[in-house]
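Reading through the structure tokens given below for one structure.
The values are calculated or read from the model by the stated rules, or taken from the named source; none is laboratory data. Predicted, not measured: the structure shown is a model, and the values here were computed from it. So basically every Cβ, Gly included, is an ideal-geometry build from the backbone, and we count neighbours across all protein chains shown. Side chains included, ligands, DNA and RNA excluded: accessible areas come from the protein's heavy atoms. Shrake-Rupley method; radii C 1.70, N 1.55, O 1.52, S 1.80 Å.
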Amino acid sequence: MEKSSIFYRAELFITRRRVYFIGGLILFMLIFPLFGFSVYIMRIATVIYIFSMLTLALNLVAGYTGQLSMGNAAFYAIGAYACTLCMVRLGMNFWFSMIAGAIFAGASGLIVGLPTLRLSGSYLTIVTLGFGEIVRMIIQNWDPVTNGTMGIRNIPKPVFFGLTLTLSNNGFYYLAIVLMLIIAFFCACIINSKIGRAFIAIREDEIAATMMGIKTIHYKVLAFFLSALISGIAGAFYAPMVGYIDPNTFTFDVSSQIICLAILGGLGTMRGMFFGSMVLIIFPEVSRFLMNYRFIMYGFILVLMMRFRPQGLLGWQSRVPYRFTGKMRRDLEKDNLLTE
Amino acid sequence: MDILFQQIINGLALGLVFALVAVGYSLVFGILRLINFSHGSVYAFGAHVVFFVVGFGLGPVLGIIVSIIVTGFLGIFIDKIALAPLRRKKSMGMAALVTTLGISNIIQHTLVLISGSHRKAFPDFYNFGLVTVFGVQISSRQFVMLGVSLILLLLLFFIVHKTKIGLAMRATSQNQKAASLMGINVNSVITTTFFMSGASAAIAGGLVAGYYQVVYPGMGFMIGLKAFAASVLGGIGSLPGALIGGLLVGIMESVAALYIGSNYRDAMAFIILIIVLIFKPAGIFGKKDVIKV
């Protein structure tokens, strides 16, 4: 098979253990609505998928490329607002609006990323943080377009071949699964390609990566762009699901929550993203009566995780920089190129 | 024209407070190469301690003194509990960064638990009326802010540049290993640094709470970000840089409020920051780090 084809990349990702794990998970996700849970539970489940998309996006930048971005809520916001404005003001259909949201978010990612990714790690962190605040302020004050602090109400629901998707007919739930799986598959393809190995090389040692001829800035910008794009898709999905957005939905707390979820699951792993989202979205819902303690708990989790298990709950104990799996491993073994 | 001068004076008073908070970031960054994201919350904590002590009827001076001590020890506590173990384990920089983020959450929401998230009125201590200089009105609150921050910044410069512990701090920030080989107790230097950073945050908190006459747990978030922007602007790790950066952010913000509208004033710090970083990544006073392979 052609080595650059996307199917080859997919095959690299698929090992037998993963097939069982992912297959079982997808099966469970698909039959989950059949248990007849309330709309409230279905909504929580859908939010888990949205946060999985957001953490997958962060994972590309923070987990694989090693650059901590703290402004991902801004791309989420841009995606949500761009999509909503296209639908409400321009009367576009949901699917085109979603693409527009993704494009806007990706473009803003490029605009921030190009100048700032020349800087080293901690500077990137603060610039993305500042960018998040700038975006929130623009949304809050640009009244004629964004309706300011009032937010935008009555966002129309998407229509799929004549069927209006709502939470109660599980339309959003299934759409979220499809989107998340597409994004996860896409991320898997990226990570198992030459690009992904460049990302990991940058994470492990940026100087050494440069010495090996990797154009580090190009790859950092690419990771940042993809991350913004995916966050934008999550935002564009979120807006019509809730039907109402305002600037307070996209505060710094969301950015730090995304980081918290990703770290809890294990940065640099894919299934960790889903797992982290599941735990940290479900727990506060279950313990809603502890409302004020929730953020204290986030704080303690972050501190304790960094202290005792910085690789996350599902991270590997010893961090292996890159693990060959699937077809690539078999190819390498055949040629006796694998030294482990 | 008068109104422009007025705004510049307002910006100057605010800028010195930014500088005072920015110094806290710079001290810690200089020694540990770590952005201490909990600094904004430490600042809010300091303001709350002043508020509580004043609530017992003990007056602002005692309030600030108690706050300096308590908040300074909070700084040491944070370092000893959360950051020192990470240093011993030699874990990556991102881990320490995320830890400070978590501590910030803990402090801020503990304050919410203790006193509620609403804004509380802070007594108006520093108000002795207005002074008019060349047609510019300066309130006595601004005088207090200007005076106290200036004195404190000078004191900090004195400590860092003229005393023995300051010499040890500068040596440690140059090269930790070499400093410890020269007989400097690096751990006690780090402890002192965290105490100074917490103490300066407490004073800034007390001043700003008195200036706006309001305290609330979230008060440190925005000023923390802006002060951080200011310290990066001036060249993080450099004390004169923190001062210049703070003043620059304060004045630009006040002037922007005049010409662009007060809605966007909070964004100014970050816009300046991004522009400066593009052209001069090390900041105005910063030296470029030599990367060792």
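When each of A:PHE35, A:PHE94, A:PHE75 is tested for being of a type in the set (Phe, Trp, Tyr), surrounded by 24 or more Cβ atoms within 10 Å (Cβ to Cβ) and more than 14 Å from every other protein chain (Cβ to nearest Cβ), the lone residue that passes is A:PHE75. Of the residues screened, B:LEU12 is one that is open to solvent by 40 Å² or more (accessible area, probe 1.4 Å), more than 24 Å from B:ILE106 (Cα to Cα), in contact (Cβ under 8 Å) with a residue 12 or more places away in the chain and assigned to a helix (DSSP H, G or I).
What helices (runs of 4 or more DSSP H), lying completely within region B:176-287, carry at least 3 residues that are within 14 Å of chain A (Cβ to nearest Cβ)? Filter on region B:176-287 gives B:219-234, B:239-259, B:265-279.
Elements of the type helices (runs of 4 or more DSSP H) sitting completely within region A:240-340 and holding at least 2 residues that are modelled with pLDDT under 85 and among the acidic types (Asp, Glu): these cover A:326-334. Only one of the numbered conditions (1) open to solvent by 10 Å² or more (accessible area, probe 1.4 Å); (2) modelled with pLDDT of 90 or more; (3) over 20 Å from A:THR269 (Cβ atoms) is violated by A:ALA208, and that is (2).
Results for (1) surrounded by fewer than 16 Cβ atoms within 10 Å (Cβ to Cβ); (2) touching a Phe, Trp or Tyr at 6+ places or on another chain (Cβ under 6 Å); (3) farther than 20 Å from B:PHE52 by Cα, shown as yes or no for each residue.
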| residue | (1), (2), (3) |
| --- | --- |
| B:LEU101 | no, yes, yes |
| B:PHE125 | no, no, no |
| B:GLY129 | yes, no, yes |
| B:GLY147 | yes, no, yes |
| B:PHE158 | yes, no, yes |
| B:SER173 | no, no, yes |
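Screening the candidates B:VAL249, B:VAL255 for the property of being at pLDDT 75 or above and surrounded by 20 or more Cβ atoms within 10 Å (Cβ to Cβ) yields one hit, B:VAL249.
Taking the condition of being among the polar types (S, T, N, Q) and away from chain A (no Cβ under 11 Å), how many residues in region B:59-111 meet it?
Quick first cut of region B:59-111, residues among the polar types (S, T, N, Q) only: B:67, B:71, B:91, B:99-100, B:104-105, B:108, B:110.
Next, from what is left, pick out any that are away from chain A (no Cβ under 11 Å): B:67, B:71.
Number of matching residues: 2.
Check region B:267-286 and report whether any residue there is within 15 Å of the chain's Cα centre (by Cα), at pLDDT 85 or above and surrounded by 20 or more Cβ atoms within 10 Å (Cβ to Cβ). No, because not a single residue in region B:267-286 is within 15 Å of the chain's Cα centre (by Cα), at pLDDT 85 or above and surrounded by 20 or more Cβ atoms within 10 Å (Cβ to Cβ).
The combined condition, being open to solvent by less than 20 Å² (accessible area, probe 1.4 Å) and either over 21 Å from A:LEU175 (Cα atoms) or among the acidic types (Asp, Glu) (or both), is fulfilled by A:VAL135. Quick check on region B:113-136. Is at least one of its residues in a helix (DSSP H, G or I) and facing chain A (nearest Cβ under 7 Å)? Among the residues of region B:113-136, at least one is in a helix (DSSP H, G or I) and facing chain A (nearest Cβ under 7 Å), which makes the answer yes.
Among the residues of region B:131-140, write down those that are touching a helix residue (DSSP H, G or I) at 6+ places or on another chain (Cβ under 8 Å) and either polar (S, T, N, Q) or open to solvent by 50 Å² or more (accessible area, probe 1.4 Å) (or both). Break it down stepwise before answering.
In the first step, residues of region B:131-140 are kept if they are touching a helix residue (DSSP H, G or I) at 6+ places or on another chain (Cβ under 8 Å); the result is B:131, B:134-138.
Those that are touching a helix residue (DSSP H, G or I) at 6+ places or on another chain (Cβ under 8 Å) and either polar (S, T, N, Q) or open to solvent by 50 Å² or more (accessible area, probe 1.4 Å) (or both): B:VAL131, B:PHE134, B:GLN137.
Here B:ALA179 passes the criteria (1) of a type outside the set (Phe, Trp, Tyr); (2) more than 20 Å from B:ILE78 (Cα to Cα); (3) open to solvent by less than 20 Å² (accessible area, probe 1.4 Å); (4) within 23 Å of the chain's Cα centre (by Cα) except the one numbered (4). When every residue of region A:82-98 is checked against the conditions, none turns out to be within 14 Å of A:LEU226 (Cα to Cα) and modelled with pLDDT of 90 or more. Among the residues of region A:106-114, not a single one is in contact with a strand residue (DSSP E or B) (Cβ under 7 Å, 6 or more places away or on another chain), surrounded by 19 or more Cβ atoms within 10 Å (Cβ to Cβ), at pLDDT 80 or above and under 26 Å from A:LEU226 (Cα atoms). Among the residues of region B:156-165, those that are over 15 Å from the mean Cα position of the chain (by Cα), part of a helix (DSSP H, G or I) and of a type outside the set (Phe, Trp, Tyr) comprise B:ILE159, B:VAL160, B:HIS161, B:LYS162, B:LYS164, B:ILE165. Of the residues A:ILE282, A:ILE258, the single one that is open to solvent by 60 Å² or more (accessible area, probe 1.4 Å) and touching a residue at least 40 places away in the same chain (Cβ under 8 Å) is A:ILE282. Elements of the type helices (runs of 4 or more DSSP H) sitting completely within region B:25-95 and holding at least 3 residues that are under 16 Å from the mean Cα position of the chain (by Cα): these cover B:39-55, B:60-78. Checking each residue in region A:138-168 for being open to solvent by 70 Å² or more (accessible area, probe 1.4 Å), away from every other protein chain (no Cβ under 14 Å), without any contact (Cβ under 8 Å) to a residue 12 or more places away in the chain and at negative phi picks out only A:LEU163.
Residues in region A:129-183 that are of a type outside the set (A, V, I, L, M) and closer than 30 Å to A:ALA223 by Cβ: A:GLY130, A:PHE131, A:GLY132, A:GLU133, A:ARG136, A:GLN140, A:TRP142, A:THR146, A:PRO158, A:PHE172, A:TYR173, A:TYR174.
Would you say A:VAL127 is loosely packed, with under 15 Cβ neighbours inside 10 Å, out of contact with any strand residue (DSSP E or B) (no Cβ under 9 Å at 6 or more places or on another chain) and aliphatic (A, V, I, L, M)? I'd like the intermediate steps shown before the answer.
Values: loosely packed, with under 15 Cβ neighbours inside 10 Å: no; out of contact with any strand residue (DSSP E or B) (no Cβ under 9 Å at 6 or more places or on another chain): yes; aliphatic (A, V, I, L, M): yes.
Spelling it out, it is not the case that A:VAL127 is loosely packed, with under 15 Cβ neighbours inside 10 Å, out of contact with any strand residue (DSSP E or B) (no Cβ under 9 Å at 6 or more places or on another chain) and aliphatic (A, V, I, L, M).
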